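Some notes on the structure that comes next.
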Amino acid sequence: MREFDVIVAYEDPLKRLGIRAMLEAPKELKFILHDDISDLDKMRALIVDLQPDFIVIDATLNSNNSGIELAQFTKANTKKAKIVIMTFDLDIRLKRILKKLEITWILYKADTVESMKKCAWRAIHDKPYISKKFREKWYAEDTEEMQKDNPLYKLSKTEIKILQQVAQGKTNKEIALEFFKSVKTVKNHRQNICNKLNLQGSNALLKYALEIKKDIIPPGVPIW
């Protein structure tokens, strides 16, 4: 069983209990929780000593910028900690700070437990998770520049989903069953993908999909 040390820096005791319950749910993972926000100096010392795998931080800890300061401290004093930020508002200032810190796990404070679970799983697998509430705002300024460099932006949402299935080694028939489409429709989608990505050859699409498997959902394409 994999074990993860988690620090919860959240002021609301009820929310802390909710986060604890959510993290204790998966049977195949063990989250060892540590939470004490009564003294920020003690929290900083705990971060340095424990070197946690994750730290969940309330962006407005103690009703000021302590949460962001704690995130900056964590980034500067740990090697592996993944920082999850929880906030009610993702304004321009906070967005710029988080991007500078390369923090890509951001939850809306009123998100469901299911969203929190999804965020935890994506963090474990080194995949970003931005709450649905904030996705459009998070990617808005970057989309145009990214589209110039990332060929996946040429694809439709359906084509992205097809490409994901190809990366998993699925056959046309299996993909057709997955999406309730005909095999002919799947073949047409695959051909369109190849045309848009300038791929040629019978195995070119599979080879390409396997090469970019980890990055197959580009930022700004909210298909999940």
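None of the figures in this text is laboratory data; all of them are computed from the coordinates on show. Here the structure is a predicted model, which is why all the values come from computation and not from measurement. All Cβ positions, glycine included, derive from the backbone under ideal geometry; neighbour counts span all protein chains shown.
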Taking neighbour counts of Cβ atoms within 10 Å as a proxy for exposure, in what order, fewest first, do ARG20, ARG190 appear?
ARG20, ARG190
Under unit Cβ charges (Lys, Arg +1; Asp, Glu -1), what dipole magnitude, rounded to 20 debye, does the stretch 75-190 have relative to its Cα centre?
280 debye
As an exercise, identify the trypsin sites (Lys or Arg not before Pro) in the stretch 82-139 lying in DSSP coil whose Cβ has no more than 14 other Cβ atoms within 10 Å.
LYS132
Among LEU155, VAL186, GLN165, which residue has its Cα furthest toward the positive end of the charge dipole of the stretch 144-215, with +1 on Lys/Arg Cβ and -1 on Asp/Glu Cβ?
VAL186
Does the stretch 2-139 come out rounded, prolate or oblate by the C-alpha gyration tensor, with a ≥ b ≥ c the root eigenvalues, rounded set by a/c under 1.5 and, if not, prolate when a/b is larger than b/c and oblate if not?
rounded
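Please report Rg over Rh for the stretch 67-117, where both radii come from the alpha carbon positions and Rh follows the Kirkwood definition.
0.97
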Fewest first, what order do MET22, MET43, MET86 take by the number of other Cβ atoms within 10 Å?
MET22, MET43, MET86
Cα pair distances exceeding 21 angstrom across the stretch 144-215, given as percent
20 percent
Give the long-range amide H neighbours of TYR129: residues separated by 5 or more places, or on another chain, with amide H under 5 Å away, using H modelled in the peptide plane at 1.01 Å from N.
TRP105, ILE106
In nm, spacing of pseudo-spin labels at LYS132 and GLU3 (7 Å Cα→C-beta vector)
3.6 nm
